[in-house]
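J.: I'd like to ask you about the structure that follows.
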Amino acid sequence: MVRGFSTNAIHAGQEPDPTTGAVITPLHLSSTFAQDGVGVTRAGDYEYARSANPTRTALQECLAALEGGRQARAFGSGMGASDVLLRVLVRPGDHLVIPHDAYGGTFRLVDKVLAPWGVEYTPVDLADIDALRAALRPTTRVVWCETPTNPLLGIADIAAVADVTRQAGARLVVDNTFASPYLQQPLALGADVVLHSTTKYIGGHSDAVGGALVTSDDELVEQLTFTQNAVGSVPGPFDNWLTLRGAKTLAVRMDRHCDNAERVAEMLVRHPAVARVLYPGLPDDPGHEVAAKQMRRFGGMVSIILAGGREAALRMCAATEVFTLAESLGGVESLIEHPGQMTHMSVAGSALEVPDSLVRLSVGIEDVEDLIEDLRTALDRATV
Ligand SMILES: *Cc1c(COP(=O)(O)O)cnc(C)c1O
């Protein structure tokens, strides 16, 4: 039976415990599992918790169902997932394409860790399919796509990028952290692998760091499983348990994030201190049409460029009271930050540098009137 998104979020991988009937997946802290004879494991084939753990398995089955993939693997962080994936997909001499406004940590991994080992890369505006075609080489193994992008909310047409990538014999990875599987399902649009920082919307409560990969390619899963176990890039069971608990309410949270972000964006568009609002839900946003085609709604992230430049941006970040000044995103609470000096410091001086008048908002699920009032007051204070 094909089940709906929230039914999967609440039940996939989460059958009541067969021994006790516990409705909620147990938090399995054991690092090792008894064997009935040398090499004879019990149900689930568990041996040692670096290789596999039942709480992690439950989360993996849930995430696979949410993305419509055959299998998922959970990691200790989004970057841990990215690292294992790239170790499997690229070798020295290979080439990859990354978004010209990729998440700062992804850029740092590629530029500072992989490039010194001999992996080549080209940053490309993936909204421009001709630019993508021009960047491809015979050695291109991976096109890495983020949509919407962090922090500029750029939109790439996943199906179009997938076509070009497939023709080039490369694989398409989509970082779906900003949209979450509730708003966008890249595998159905032709992506080979979906990546998440589950730290963000899937966990949703800013209390656990984690990452995940989802794919329908069983051979790739075998390679990922081997490399993950070999390098030890694994999550802790309590983080898995918290992430699974968060995932149950993903759909209702995302709808409220979207409701609130839409209202916040409408207010910001009319505010004289704001030079530009970056939000794909706005009808005149350059990514609106493609986003409307491939996303259920437009998400909870809104970025703005302040008319008063860097000083106004820094003052605004210091002036909010409901929005907390902090890195990260996707939790129930609203956050504000200055990407240039916080999350995206690692791209300073590179082709990926972000404007210093940019402020990024993770719009939470509080009462929207309070959020609007808080931002309006902070903008007024920032621009006197
Ligand atoms: C946060 C983030 C990551 C990295 O995930 P961590 O869990 O912080 O390691 C990757 N991609 C995007 C888009 C992110 O926002």
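J.: Here is a check on your reading of the model: is T377 more than 30 Å from A251 (Cβ to Cβ) and at pLDDT 95 or above?
T.: yes
J.: In this structure, is S328 more than 16 Å from the chain's Cα centre (by Cα), within 15 Å of the ligand (Cβ to nearest atom), open to solvent by 10 Å² or more (accessible area, probe 1.4 Å) and not acidic (D, E)?
T.: No: the conditions fail for S328.
Residue-wise test of (1) in contact with a Pro (Cβ under 7 Å, 6 or more places away or on another chain); (2) of a type outside the set (V, I, T); (3) in a helix (DSSP H, G or I).
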residue: V23; (1), (2), (3): yes, no, no
residue: P26; (1), (2), (3): no, yes, no
residue: Q60; (1), (2), (3): no, yes, yes
residue: A65; (1), (2), (3): no, yes, yes
residue: A72; (1), (2), (3): no, yes, no
residue: S82; (1), (2), (3): no, yes, yes
residue: L96; (1), (2), (3): no, yes, no
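J.: Follow-up question, since we're still on this one. Quick one: what pairs do we get from the stretch 262-274, first residue closer than 17 Å to S357 by Cα, second of a type in the set (K, R), C-beta under 8 Å, 6+ apart or different chains?
T.: H271/R376
J.: Regarding A134, is this residue among the aliphatic types (A, V, I, L, M) and surrounded by 15 or more Cβ atoms within 10 Å (Cβ to Cβ)?
T.: No.
J.: Hey, among T177, T149, T199, T165, which residue is free of Cβ contacts under 8 Å to residues at least 60 places away in the same chain and within 16 Å of the ligand (Cβ to nearest atom)?
T.: Answer to the selection: T149.
J.: Now for a different question. For the stretch 72-108, which positions are within 21 Å of M342 (Cα to Cα) and open to solvent by 20 Å² or more (accessible area, probe 1.4 Å)?
T.: Residues satisfying the conditions are S77, M79, H100, Y103, R108.
J.: How many residues does the stretch 333-355 hold that are in contact with a helix residue (DSSP H, G or I) (Cβ under 7 Å, 6 or more places away or on another chain) and modelled with pLDDT of 95 or more?
T.: 4
J.: Against the definition (surrounded by 22 or more Cβ atoms within 10 Å (Cβ to Cβ), within 30 Å of M342 (Cα to Cα), touching a Cys at 6+ places or on another chain (Cβ under 7 Å) and among the aliphatic types (A, V, I, L, M)), how does L126 come out, yes or no?
T.: In short, yes.
J.: Has the stretch 309-325 got any residue that is within 16 Å of the ligand (Cβ to nearest atom) and among the small types (G, A, S)?
T.: No, the stretch 309-325 contains no residue that is within 16 Å of the ligand (Cβ to nearest atom) and among the small types (G, A, S).
To keep it simple, each residue is scored yes or no on (1) open to solvent by 20 Å² or more (accessible area, probe 1.4 Å); (2) assigned to a helix (DSSP H, G or I).
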position: V214; (1), (2): no, no
position: L220; (1), (2): no, yes
position: N229; (1), (2): yes, yes
position: L244; (1), (2): no, yes
position: V252; (1), (2): yes, yes
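The values are calculated or read from the model by the stated rules, or taken from the named source; none is laboratory data. Just so it is clear, the structure is predicted and the values come from calculations on it, not from any experiment. As a convention, Cβ positions derive from the backbone with ideal geometry for all residues, glycine included, and neighbour counts pool all protein chains shown. SASA here: full protein model, heavy atoms, side chains in, ligands and nucleic acids out. Shrake-Rupley method; radii C 1.70, N 1.55, O 1.52, S 1.80 Å.
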